[in-house]
1. Can you tell me the convex hull volume per residue for the stretch 30-94, based on C-alpha atoms, in Å³ to the nearest whole number?
2. Rank Val136, Pro113, Ala159 by how far each Cα sits towards the positive end of the charge dipole of the stretch 85-160 (+1 on Lys, Arg Cβ; -1 on Asp, Glu Cβ) and give me just the farthest.
3. Give me the percent of the accessible area of the stretch 80-144 that comes from carbon and sulfur atoms, probe 1.4 Å, all protein chains in place.
4. Using a 10 angstrom Cβ neighbour count of at most 16 plus a DSSP loop assignment to flag exposed GluC sites (Glu not before Pro), which longest range of the chain is free of such sites?
5. How far, in nm, would the chain grow between Ala98 and Gln9 when pulled straight, counting 0.36 nm per residue and subtracting the alpha carbon separation?
6. With +1 on each Lys and Arg Cβ and -1 on each Asp and Glu Cβ, how big is the dipole of the chain about its Cα centre, in debye rounded to the nearest 20?
7. Under 19 Å Cα-Cα from Lys73, which aspartates and glutamates qualify once same-chain neighbours fewer than 8 residues away are excluded?
8. With every protein chain kept in place and ligands, DNA and RNA left out, what is the accessible area per residue of the chain? Probe 1.4 Å, answer in Å².
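The values are calculated or read from the model by the stated rules, or taken from the named source; none is laboratory data. All values derive from a computational prediction rather than experimental measurement. Backbone-built Cβ (ideal geometry, glycine too); neighbour counts: all protein chains shown. These accessible areas exclude ligands, DNA and RNA; they are computed on the full protein's heavy atoms, side chains included. Shrake-Rupley method; radii C 1.70, N 1.55, O 1.52, S 1.80 Å.
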Amino acid sequence: MDSAKALRQQLFRLLSWRDAHAGFDTAVTGIPPKLRGKAPNGLPYSPWQLVEHMRITQADILEFCVDRHYEEKHWPADYWPKARAPRSQRAWSGSIAAFRRDRRALERLVMNPRVDLFARVPAGTGQTFLREIVLVADHTSYHTGQLVAVRRLLGCWPAA
């Protein structure tokens with residue numbers, strides 16, 4: 001296997017990594033509705049805020065990679081939900097579905113041989129596609145770990 005193909009396959013796996021720790025899909029499964037908007041004592045965020053933050057950030061990075069006319073959002077206001085709890089079950093499941101949809105789009109981007117992973121993102125200021133893929137994987141991994149910790153403190157981990 002050539003090194004470019006091997007790199008693409010490794011990046012593809014990295015986007016939904018679950019070899020050394022829980023992945024996003026496991027971390028969001030089985031959170032009782034009554035706990036989705038509850039922040040444990042001493043922590044500033046609820047499961048909903050973490051899930052929605054991961055969705056918003058991943059969507060933003062995807063948009064940055066594919067839209068030449070990307071407009072930068074405002075940090076932190078545009079990246080964290082204001083509400084501690086989802087408005088409804090539909091909002092919760094919609095956020096998770098959107099996260100998965102955008103992850104699949106990033107996986108397709110990674111596996112597209114016409115995308116030079118070392119090329120600069122057209123909307124950027126020097127960032128490469130490779131950097132953005134690693135960034136989104138790292139960001140998701142970091143906040144997935146936080147979600148697991150929040151679930152432990154709320155008494156709903158491990159996932160059923």
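1. Per-residue hull volume (Cα only) is 100 Å³.
2. Ala159
3. Roughly 53 percent, rounded to a whole number.
4. 73-160
5. Difference between extended and current length: 29.8 nm.
6. In debye, rounded to 20, the chain gives about 640.
7. Partners found: Glu52, Asp60, Glu63, Asp102, Glu132.
8. Accessible area per residue: 57 Å².
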